[in-house]
Structure formats: C-alpha cells, structure tokens
2 protein chains.
Amino acid sequence: MSTAEASRIAEEMRHSPVDHLHALVAADMAATDRVIHDRLGSAVALIPDLSLHLIDSGGKRLRPMLTLAAARLCGYSGDAHVKLAAAVEFIHTATLLHDDVVDASSLRRGKLAANVVWGNKPSILVGDFLFSRAFQLMVEAGSMPVLDILAGASAIIAEGEVMQLKSANNLAVSEADYMRVVTAKTATLFAASAQAGATIARGAADAIEGLRAYGHNLGIAFQLVDDVLDYSGRQAQMGKSVGDDFREAKVTLPLILAFERADEEAKRFWTRTIQTGPQHEVDLARAIAYVENTGAIRDTRVAAQRYVDAACASLACFPKSEMRETLLGVAGTSVARAG
Amino acid sequence: MSTAEASRIAEEMRHSPVDHLHALVAADMAATDRVIHDRLGSAVALIPDLSLHLIDSGGKRLRPMLTLAAARLCGYSGDAHVKLAAAVEFIHTATLLHDDVVDASSLRRGKLAANVVWGNKPSILVGDFLFSRAFQLMVEAGSMPVLDILAGASAIIAEGEVMQLKSANNLAVSEADYMRVVTAKTATLFAASAQAGATIARGAADAIEGLRAYGHNLGIAFQLVDDVLDYSGRQAQMGKSVGDDFREAKVTLPLILAFERADEEAKRFWTRTIQTGPQHEVDLARAIAYVENTGAIRDTRVAAQRYVDAACASLACFPKSEMRETLLGVAGTSVARAG
C-alpha cells in the first residue's frame with residue numbers, strides 16, 4: 001500500500017471506519033443481503049413483513065460484517081461465509097424481536113418496534129422462525145465446527161437474557177453481575193460472528209482466537225457505550241429513546257457506579273425510581289445529572305476504552321493490511337460515539 | 001418369535017402399546033433422560049427449574065421414543081441417537097413454552113403452565129435456551145443430514161405457529177387451512193423425530209422414508225384426536241382443561257365440520273362465540289352438543305383413522321418384528337383415546 005493510499009484510508013476512517021469496513025466487504029454484504037431477503041420468503045406473508053420491518057430498518061449489520069471481514073482476513077476465497085453472515089444477522093434479529101417483547105419496548109432503531117405494530121405473538125413466533133432459518137443456513141454452509149460455535153453462542157445469549165431478568169428493579173446487582181450479562185448477551189455473538197468467519201476460512205488457531213477475542217472485546221465496548229448513550233445520547237443518534245434503561249429500571253454500569261457513589265439523598269432517589277417506584281417523567285433529568293456528576297459516565301467510558309484496547313491488541317497476530325487497520329479503526333472509534 | 005410370545009405382546013399392547021414401546025427402548029430412554037437432565041444444568045437456576053417443571057410433568061416422551069425406536073428398527077448400534085432424542089424433546093418443550101405464552105394458557109399436562117408460575121418473560125427466554133441446547137446436542141451427534149432435517153422441521157413448525165394465529169376468531173378457516181397448520185405444527189416434528197433416528201442409523205432410503213411417513217401420519221392422527229378430546233375428553237385424562245380450544249376461539253376440525261353443517265341458529269351461536277363475542281361459560285355445553293349432534297366428532301375420528309391406516313402402511317417396507325408391531329400398535333390405539 002502506498003503512503004498516499006494509507007493516508008487516504010486513515011482520513012476516511014477518521015470519519016467512519018464502519019463505513020470503510022462496509023466498503024471493503026461491499027460485494028459480500030450485497031450477497032449477504034440477497035441471501036437474507038431470499039431466505040425470508042414464506043407462504044405466510046407475516047413472516048417477511050415483520051422480519052423486514054426490523055432487518056431493513058437501518059441497522060449497521062456489524063455482526064455479519066465481522067463474519068465476512070474475519071473470513072477475508074484469513075484469506076478465504078469461498079462463498080459459504082455469506083450464508084454464515086446471513087445466519088448471524090438472523091440470530092441477532094431473532095434475539096431483538098424476543099428482547100423487545102420481554103422489555104415491552106416501543107421503539108427500535110427509531111421505528112415502532114415489531115411487537116407494537118403486530119403484537120407480541122407474531123414477534124415471538126417470527127423470532128423462532130428466524131432462529132431456525134439461521135440453523136438451516138449454517139447447515140448449508142456445511143461446517144460442523146461453525147455450527148458448534150453458533151449453537152453454543154445462542155445458548156449463552158439466552159442464558160444471559162434469563163440472567164438479566166434479575167437486573168431489573170434490583171440495586172443489588174454488582175458490576176460483576178452486570179459484566180456477566182453483557183458478556184453473555186452482547187459479546188458472545190460479536191465473538192462468535194468473527195470466530196465463525198475465521199473458522200470457515202480454516203484460519204490458523206491464533207488467527208481464529210485473535211478474531212474471537214477482537215469480537216468479544218468490541219462487543220463489550222459497544223454495549224458499555226450504548227449504556228452511556230442511554231443516559232446522554234440524542235434519540236436521533238441512537239434510533240431509540242434516551243432513558244429507556246432508566247424507565248425500564250434496568251441496572252447498567254453507569255447506574256451501578258452512580259449508586260455506589262451516591263449520598264443519602266441520591267440513594268433514596270435511586271431506591272424509589274429503580275426499586276420501589278413510583279418513577280415520574282421528571283426523574284430522568286435528575287438521573288442523568290447524577291450519573292454525570294458522580295463521574296459514572298466518564299468511568300464507564302474509561303472501561304469501554306480498556307476493552308477497545310484489548311480488541312486492538314487481539315489483532316496483533318495479523319500482518320498490517322487495509323482490513324486489519326479498518327478493524328482497528330472500528331474498535332478505536334466505538335467509544336467516540338459516547339463522546 | 002414364538003406364537004405364545006406373540007400373543008403375550010398382542011395382549012400387552014391391547015392395554016398400552018405406548019407403554020410397550022417405552023419398555024422396548026427403556027435403556028435408551030433412561031440414557032435420554034440423563035442427557036436431558038445433564039444438559040439443563042446452568043448457573044442460572046431459573047433455567048433448570050422452569051424447564052423441569054414442564055419436562056418432568058408426565059409427558060409421554062413420544063417424540064424421543066420415535067427417534068430411538070426408528071434408530072433401532074434400522075439396526076443402529078451406536079449411541080448418538082440418545083442425543084438426538086434429547087434434542088427432539090428440547091425442541092418440543094421449547095415450542096410448548098412459547099405456545100403457552102402465545103395462547104395465554106393456564107394449564108399444561110394438568111399442572112399450572114410455566115407462564116403462569118414464572119411469567120411470560122422467562123418462558124420465552126428459557127424456550128430460546130432449550131432450542132439452542134437442542135442444536136448443541138445435534139452438533140454433538142455429528143450428523144449434518146440430521147441437522148438439516150431438524151433445522152428444517154423447526155422452521156416449518158414456527159411457520160405453522162404463525163399461520164395458526166389467523167385461525168383464532170375466524171370461521172372462514174377451511175379444512176385445508178386447518179390441515180396445513182396441523183401438518184406444520186404437529187406432524188412435522190413427529191416425522192422429523194422418526195426420520196432423524198433412521199438417518200443417524202444410516203437406514204436404507206425406503207426405510208428412512210417409511211419412518212418419516214409413519215411419524216407424519218401418526219402426528220396428524222394424534223392432533224385430530226387431541227382436537228376431539230378438547231370437546232369431549234375428561235380433564236384428568238388429557239391433563240388439560242376441556243374446552244380450551246373453544247374458549248380461545250381456535251378453529252379446529254370438529255368446529256369446522258359442525259359450522260359447515262349448522263342451521264341458522266347454530267351459525268349465529270358459532271359466530272357470536274367464536275368470532276364476535278361475547279362468549280359465556282355456559283356456551284361450552286352447547287358447543288359440545290353441536291359438535292356431537294352434527295357428526296363432527298365422529299367424522300374427525302374417521303379422518304384420524306385414515307391417517308392411522310396410512311401410518312401403518314408406511315411401515316410395510318420393514319419385516320415383521322416386535323418393534324414394528326409395537327409401532328403399528330401405537331398408531332392403532334391412538335384413535336381409541338378419543339373413543
């Protein structure tokens with residue numbers, strides 16, 4: 001790569017490494033999108049209608065991109081990675097549909113959530129359908145080790161979701177409890193997405209492990225940043241309402257740190273709004289002030305940065321390449337979202 | 001087999017061919033139960049608690065028995081069929097958990113349904129967990145063709161569940177619509193359970209197809225009998241409330257036939273109770289009288305018998321054996337439940 005080209009890439013990536021990653025795997029992503037749309041076909045019209053409402057709602061498709069990028073980084077020249085990328089997006093979509101039912105969410109990516117438009121029943125059942133389709137795609141990809149990775153990841157995700165039920169209305173949730181849920185719910189699918197791509201490409205053991213660790217650490221960083229944004233971001237930027245976690249009394253790291261550092265008055269505030277109720281609309285502004293003023297937001301961002309650093313270190317086993325630098329860029333700017 | 005032994009078997013089977021089938025695969029069923037209990041282990045106690053509430057509630061384990069019996073009938077001597085039998089039971093349990101949330105059921109096998117005891121959220125998420133565990137077990141069994149069969153079956157089941165949503169409160173549902181739902185929701189897993197056992201045993205093509213067709217036809221017969229029992233059975237016999245389908249305004253074959261044959265007064269009754277409301281507790285007795293008096297119950301039983309005959313004919317490719325005769329007995333007595 002020439003110096004001029006390298007600096008052009010660096011310049012582009014300063015703006016949006018995710019867009020740059022998308023450009024690097026553009027042909028594969030287009031093929032993945034075709035598989036996604038083809039495989040949603042069903043005589044039952046509600047299935048594609050409900051699925052596409054969510055799948056085509058402007059999500060970044062980060063997980064399938066990780067699968068495709070990991071396969072390419074490991075020198076893959078086949079086409080089974082496209083089916084795996086679609087499978088990963090289907091698993092992710094299925095968990096979002098079930099999540100929104102469980103959380104009774106009203107918005108997802110700035111649109112009405114599927115459970116609001118069609119009700120809980122179709123959201124549950126279409127989620128089950130997508131999950132099954134994901135496994136059919138994996139079978140077509142034909143790699144038993146990859147099936148093992150993604151079936152294991154799916155079980156851990158579900159376990160994390162069950163674990164998280166206890167985090168609502170519960171100020172006794174510790175930072176360690178929270179990290180266990182984030183690892184299971186979010187990091188596991190990021191890790192498995194990258195690992196699956198490296199595995200279908202028959203990457204070397206250290207390459208597969210490096211990409212798995214990259215996905216794992218990136219996933220945790222993303223979740224921490226999301227949790228910060230829920231107390232500070234703008235709705236348009238996130239595509240969901242600010243204050244959702246607070247209103248649903250979810251105990252995330254900003255809240256855990258703020259509660260640890262709370263004086264008596266603030267403790268009473270958190271106990272009422274999170275644990276005993278009632279919570280009023282005006283409470284959100286005070287909650288935001290508390291997480292800001294106690295340094296909880298800053299320290300959650302610092303924690304996210306540590307995972308970003310670990311994600312970047314995980315790719316040290318790969319030689320320098322445009323793909324590797326772009327993945328480093330994706331990790332590097334993830335915390336900037338919470339700036 | 002001696003004549004004396006054959007008549008002993010015939011005598012035993014007259015009482016309960018399902019018990020006789022269970023006895024034939026008793027060691028394998030015990031191994032399957034161990035796998036089921038082992039693989040429910042989780043650091044999240046709610047997962048085994050909720051799963052075992054349903055799994056240990058006295059279901060007949062018919063689907064895993066089919067997997068085990070099919071493998072044996074095809075001469076299998078390995079042990080991977082036990083993992084598949086457990087996987088089939090996990091898929092079935094996951095669909096029951098989600099079904100009971102979707103239908104807001106209060107009873108399952110004579111006990112409070114999991115959604116009543118623990119709520120909808122854990123039922124949805126533990127269902128997802130069991131589904132993932134099922135795929136992990138299939139990966140361990142190591143047969144890609146079996147993964148293909150069961151992933152495909154899972155997608156069709158979910159499709160059938162979505163299709164069925166339209167059957168509630170809708171007297172326009174035809175016999176053909178109803179049969180499509182029954183085929184997808186019930187027959188598919190019966191068929192796949194038997195086919196998976198035959199496939200792991202590397203049975204001949206006609207043996208695999210024969211067992212698949214046996215499962216398919218048996219599944220339809222069972223569902224038709226269940227639908228009859230919902231209008232006529234005793235609660236203790238079924239382990240669920242009589243009149244559930246009527247109260248939930250589900251349109252099943254007895255109702256479809258009764259509505260086709262209804263006079264003006266009966267049509268007004270069905271329209272009010274199923275489509276427009278209100279429905280009162282006293283309406284159930286009149287509904288039962290209508291399905292009885294129009295011959296709808298008798299004709300649903302006749303339809304079930306046709307599927308029983310087809311199930312039995314599907315096993316013609318196998319030589320006579322205790323296992324084959326027992327499977328014929330299971331099919332033969334399934335309609336007797338609705339006697």
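The values are calculated or read from the model by the stated rules, or taken from the named source; none is laboratory data. Note that the coordinates shown come from a computational prediction; the quantities given were computed from them, not determined experimentally. Reconstructed Cβ throughout: ideal geometry from the backbone, glycine too, with neighbour counts over all protein chains shown. Keep in mind that these areas ignore ligands, DNA and RNA; they rest on the heavy atoms of the full protein, side chains included. Shrake-Rupley method; radii C 1.70, N 1.55, O 1.52, S 1.80 Å.
Data for the structure
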read-out: Nearest 10 degrees, 0 to 90: helix B:46-55 Cα axis against chain B principal axis; value: 80 degrees
read-out: Exam field: residue A:170 pseudo-label spacings to other copies (7 Å along Cα-Cβ), nanometres; value: 4.0
read-out: Using a 7 Å Cα-to-Cβ projection, residue A:322 label spacings across copies, nm, ascending; value: 7.0
read-out: Residue-normalised accessible area of the protein assembly as shown, expressed per residue, 1.4 Å probe, Å²; value: 38 Å²
read-out: Reduction of at least 30 Å² in accessible surface, 1.4 Å probe, comparing all protein chains with the chain by itself, residues of the range A:21-44; value: A:44
read-out: Protein accessible area in the range A:114-167, 1.4 Å probe - carbon and sulfur %; value: 53 percent
read-out: Heavy atoms of residue A:312 accessible to a 1.4 Å probe, total area in Å² rounded to 10; value: 40 Å²
read-out: Residue order for A:88, B:18, A:117 - accessible surface, 1.4 angstrom probe, largest first; value: A:117, B:18, A:88
read-out: Choice from B:224, B:165, B:137 showing the highest fluctuation, given a GNM over chain B with Cα pairs closer than 10 Å; value: B:165
read-out: Cα-centred dipole magnitude for chain B, charges only on beta-carbon of K, R (+1) and D, E (-1), debye, nearest 20; value: 140 debye
read-out: Karplus 3J(HN,Hα) series, Hz, for the range B:132-145 with 6.51 cos²θ - 1.76 cosθ + 1.60 (x for Gly, Pro); value: 5, 4, 4, 5, 4, 5, 5, 4, 4, 5, x, 10, 5, x
read-out: Drop in accessible area of at least 50 Å² in the complex versus isolated chain, residues of the range A:145-177, 1.4 Å probe; value: A:155, A:159, A:162, A:165
read-out: The range B:26-66 shape via C-alpha gyration tensor axes, a/c threshold 1.5; value: oblate
read-out: Förster radius 22 Å - calculated FRET efficiency between residue B:169 and residue B:281 (Cβ-Cβ, nearest 0.05); value: 0.75
read-out: C-alpha long axis of helix B:296-314 to longest principal axis of chain B, angle in °; value: 20 degrees
read-out: Formal net charge of residues neighbouring residue A:115 (Cβ-Cβ distance under 13 Å; K, R +1; D, E -1); value: +1
read-out: Proximal charge balance of residue A:218 [Cβ under 13 Å; K/R count +1, D/E count -1]; value: +3
read-out: Nearest-ten-degree value, helix A:205-232 long axis tilted from longest Cα axis of chain A; value: 30 degrees
read-out: For residue A:209, inter-copy label distances in nm, listed shortest first [label point 7 Å out on the Cα-Cβ vector]; value: 5.0
read-out: Cα Rg, Dmax (largest Cα-Cα span) when computed across the range A:157-306, Å; value: 17.0, 57
read-out: Buried accessible area, chains B and A (both chains, 1.4 Å probe, Å² to nearest 100); value: 3200 Å²
read-out: Rounded if a/c under 1.5, otherwise prolate or oblate - chain B, Cα gyration tensor axes; value: oblate
read-out: Per residue convex hull volume, Cα atoms of the protein assembly as shown, in Å³; value: 156 Å³
read-out: Size of charge dipole - the range B:5-145 - debye, nearest 20, with Cβ of Lys, Arg +1 and Asp, Glu -1, no other charges; value: 100 debye
